[in-house]
Amino acid sequence: MTYEETAVDQTIDRLLTGHDRAPDDLDQFHVGGADAVDLLIPGLALADGDRVLDVGSGFGGPARRIATRTGHHVVGIDLASAYVDAARALTAKAGLSDLVHFHHDDIASFDPDEPFQAAITMHVQMNVADKPAWFRRIADHLTPGARLAVWEVCQPHRVDLPWPMPWSLDGTDSFLATPGDLHADIESAGFATATWTNETPWAQDWIAETFAGGPPTGPSLPMLLDDGYTRVINFAAALTDGTLEIWRGHFTRAA
Ligand SMILES: C[S@@+](CC[C@H](N)C(=O)[O-])C[C@H]1O[C@@H](n2cnc3c(N)ncnc32)[C@H](O)[C@@H]1O
């Protein structure tokens, strides 16, 4: 299975020895790094007191980015306990523990005290077979009129992929949808569309710029993942040749 790396927080500690702070994209487990989170923030239309839910929060990079950029409280939930431990440790190091919290949980069993006014999910639904049910569970935790932002991998045409990919080591836990089917699944869960945009050209430019000088020197995301470099290289190649696409969506939860 994927996401079974252990003691990620200790790996991060080891990688960061001798560094003042974590590099910007070490903890961003999606294409586009922190820049991609910045693309999602305006559509969240955060108002005073709004709290944000991050579903499948990984190492916590997106949650911390939102908190740093906006000053709003963010709660992340993730199925992988080692990822939650790493997210908490990085949050403490960043001095954000008052603003950002993480729970080891599945959206299906998550039971927050109060609903949220906004939510994000980045590169998670590819692991989810029943997408309408999954997005309905997200909707259940949001107030009427709350905003949802997604940053998603889609497969426009069914072709064999070279495994491993970042979200799946062998394809057995991968459930890719076409952009049209994913969009319909999100709407069927009670969300009205504000934008549904193909960001593949943006992602291709980001990959070209980020890797123009070769693989990054210093600590980087692939170092935290089993077979990390192969996963990232396969993904970058599939995005560059158009086998996979990146779609950004902003939605409003129906009243
Ligand atoms: C590719 S990573 C993306 C992490 C994070 N969203 C980011 O962009 O940095 C996918 C994450 O989704 C989590 N995940 C997968 N299915 C989940 C579910 N049903 N509920 C909560 N988390 C889930 C995994 O444990 C993993 O951390």
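Odds and ends about this structure:
- For Trp202, Trp167, the ranking by accessible surface with the largest value first comes to Trp202, Trp167, using a 1.4 Å probe.
- Positive-end ranking of Ala22, Ala119, Phe235 along the dipole of the chain, with charges on Cβ about the Cα centre, is headed by Ala119.
- Sites Arg69 and Glu209, calculated FRET efficiency, Cβ-Cβ separation with R0 25 Å, nearest 0.05: 0.75
- Viscosity 0.692 mPa s, temperature 37 °C, Stokes-Einstein D of the chain from Kirkwood C-alpha radius, µm²/s: 179 µm²/s
- Length gained on full extension, Asp24 to Glu114, computed as 0.36 nm times the residue gap minus the Cα-Cα distance: 29.3 nm.
- Taken along the Cα-to-beta-carbon direction at a fixed 7 Å, the label points for Asp226 and Lys93 span 2.3 nm.
- Accessible area per residue in Å² at 1.4 Å probe, computed on the chain: 43 Å²
- Of the beta bridges in segment 48-175, as assigned by DSSP with both residues counted there, near 5 percent are antiparallel.
- Taking 0.36 nm per residue of separation and subtracting the current Cα-Cα distance, fully stretching the chain between Ala34 and Ala254 would add 76.3 nm.
- Carbon and sulfur %, accessible surface of segment 8-253 computed with the full protein complex present, 1.4 Å: 51 percent
- Spatially, segment 11-86 and segment 89-154 are offset by 12 Å when compared through their Cα centroids.
- GNM top mover of Phe211, Phe29, Phe110 - the chain, alpha-carbon springs below 10 Å: Phe211
- Across Ala86, Ala194, Ala139, mean-square fluctuation computed from a Gaussian network of the chain (C-alpha pairs under 10 Å connected) peaks at Ala194.
- Each Lys and Arg Cβ is given +1 and each Asp and Glu Cβ -1; about its Cα centre, the chain then shows a dipole of about 420 debye.
- Charge dipole (the chain, unit charges on Cβ, about Cα centre) - positive-most of Ile246, Ser188, Thr143: Thr143
- Looking at the chain, the DSSP beta bridges with both ends there are about 45 percent antiparallel.
- DSSP loop trypsin sites (Lys or Arg not before Pro) with at most 16 other Cβ within 10 Å: longest gap in the chain: 22-157
- Only Lys, Arg, Asp and Glu carry charge here, each on its Cβ (+1 for the first two, -1 for the last two); on that basis segment 151-235 has a dipole of about 140 debye about its Cα centre.
- Gaussian network model of the chain, springs between alpha carbon atoms under 10 Å - residue of Gly213, Gly49, Gly95 with greatest fluctuation: Gly213
The values are calculated or read from the model by the stated rules, or taken from the named source; none is laboratory data. What you see is a predicted model, and the numbers here were worked out from it, not measured in a lab. So basically every Cβ, Gly included, is an ideal-geometry build from the backbone, and we count neighbours across all protein chains shown. Just the protein is used for accessible areas: all its heavy atoms, side chains included, with ligands, DNA and RNA removed. Shrake-Rupley method; radii C 1.70, N 1.55, O 1.52, S 1.80 Å.
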